[in-house]
Amino acid sequence: SKAEMRHTCRGTINLATANITVEDSCNFIISNGGAQTYHLKASSEVERQRWVTALELAKAKAVKMLEESDDSGDESVSQTDKTELQSTLRTLSSKVEDLSTCNDLIAKHGTALQRSLSELETLRLPAESTEKIKQVNERATLFRITSNAMINACRDFLMLAQTHSKKWQKSLQHERDQRIRLEETLEQLAKQHNHLERAFRGATVLPASAPGTGGSAKGIAGSGVPQSCGGIGGPQRRPSSPSLTPAQYKHQVEDTKKEKRTRIPYKPNYSLNLWSIMKNCIGKELSKIPMPVNFNEPLSMLQRLTEDLEYHELLDRAAKCESSLEQLCYVAAFTVSSYSTTVFRTSKPFNPLLGETFELDRLEENGYRSLCEQVSHHPPAAAHHADSKHGWTLRQEIKITSKFRGKYLSIM
């Protein structure tokens, strides 16, 4: 329907943003910049030129309509700007009139030329000469079509310039207003900055810290900064600082202990049209496809990677083994254990930001501490390091390459 044509209707190319290019004598191409490309062929060079000319004129009209729909009123501008603009438009108008006169002369002389060529065709000349005259006749027709297109384009240009002079004036005024507002904001910020500096210089010295937590207020600020960030409601995050003694650290851990969750929350149950999301994603890498938020489980990839340590007791046992074969079996069993939840976990985790870290500190309960970091954005890559007081260290890197192929996912 006509209403649908205002939006991106399947199988159509919007002429306002289309690229029209000539390939050779009879072929031409219409493209919208990558998603759709039409290769068309006319029966002759003259026919091809007529099509291209008509399409270019239609494109100019589409651009004009689009710009007119964006135009929303006028604002005051200086008289000098208006005078300069009117002068430019008058000059353009006179040039278009000159071009129009030239076009009339071209048409007049072109008609005379074609009449002469037609008379030549009626003469009894050799076949080769007749063919050449026919080619010249076609070239003359092509020249007339091109000159007509040129003058029409010039007229359209003048109309566009006249129509959009108000829009240009409005944009210029908007930029001036923005600059004035920015200058005022900067002035206010400078005043606030000076006021804060004066207030800081006149402030009293910070009070001493509570006993048993450190030497000064500065010391508390330095050691209380969390060293990691995790998901909301995720595993407990604890500060870690070289300035804390073991006794202080233990005391701090006990103060911040809380109930660990045993499962992650359910996803919100929203209805989705899967095809409307996926139809434009075929062939792209999964990490570059924008997914609806409820496609994800409420964990980041770094938290999900930390789940590989769920069966850490296998490594604790392996570290105590005397037999290297038995140790190898435990390590192999631990490696396979990371697949224990994949049957039920069909949602993807959230992509971490570049440089994001996640720390899981289970030294007190389980004797290990784990740290993950996102070290590459495209392709996504994470580095994971864990060490245990039971005598083992784990190190792994994960890099995912994935593409959506329409009917299936390709994941490496």
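The values are calculated or read from the model by the stated rules, or taken from the named source; none is laboratory data. Just so we're clear, the structure is a prediction, and the values are computed from it rather than from any experiment. Accessible surface areas use protein heavy atoms only, side chains included; no ligands, DNA or RNA. Shrake-Rupley method; radii C 1.70, N 1.55, O 1.52, S 1.80 Å.
What to note about this one:
- Kirkwood analysis of the Cα pair distances in region 30-181 returns a hydrodynamic radius of 19.5 Å.
- J(HN,Hα) series, region 43-53, from Karplus relation 6.51 cos²θ - 1.76 cosθ + 1.60, nearest Hz, glycine and proline x: 6, 8, 5, 5, 4, 4, 5, 4, 4, 4, 4
- Over region 15-68, the reciprocal of the mean inverse Cα-Cα separation, the Kirkwood hydrodynamic radius, stands at 11.6 Å.
- Probe 1.4 Å, accessible area per residue of region 83-190, Å²: 73
- When nucleic acids and ligands are ignored and a 1.4 Å probe is applied, Asp104 ends up with an accessible area of around 100 Å².
- Only protein heavy atoms count here; on that basis, with a 1.4 Å probe, Lys403 has an accessible area of about 80 Å².
- Sequence of Tyr330, Tyr408 when ordered by accessible area, the most exposed leading, probe 1.4 angstrom: Tyr408, Tyr330
- Candidate residues Arg362, Arg317, Arg261: accessible-area rank, largest first, probe 1.4 Å: Arg317, Arg261, Arg362
- Counted residue by residue at 0.36 nm each, then reduced by the alpha carbon distance between them, the extension gain from Leu182 to Ser340 reaches 51.1 nm.
- Based on protein heavy atoms only, region 15-68 ends up with 59 Å² per residue of surface accessible to a 1.4 Å probe.
- For the pair region 78-146 and region 156-179, the centres of their Cα atoms are 33 angstrom apart.
- Put Ser94, Ser31 in order of accessible area, highest first, and with a 1.4 Å probe you get Ser94, Ser31.
- Solvent-accessible area, 1.4 Å probe, carbon plus sulfur percent, for region 15-68: 56
- Residue-level accessible surface for Leu123, protein heavy atoms, 1.4 Å, Å²: 90
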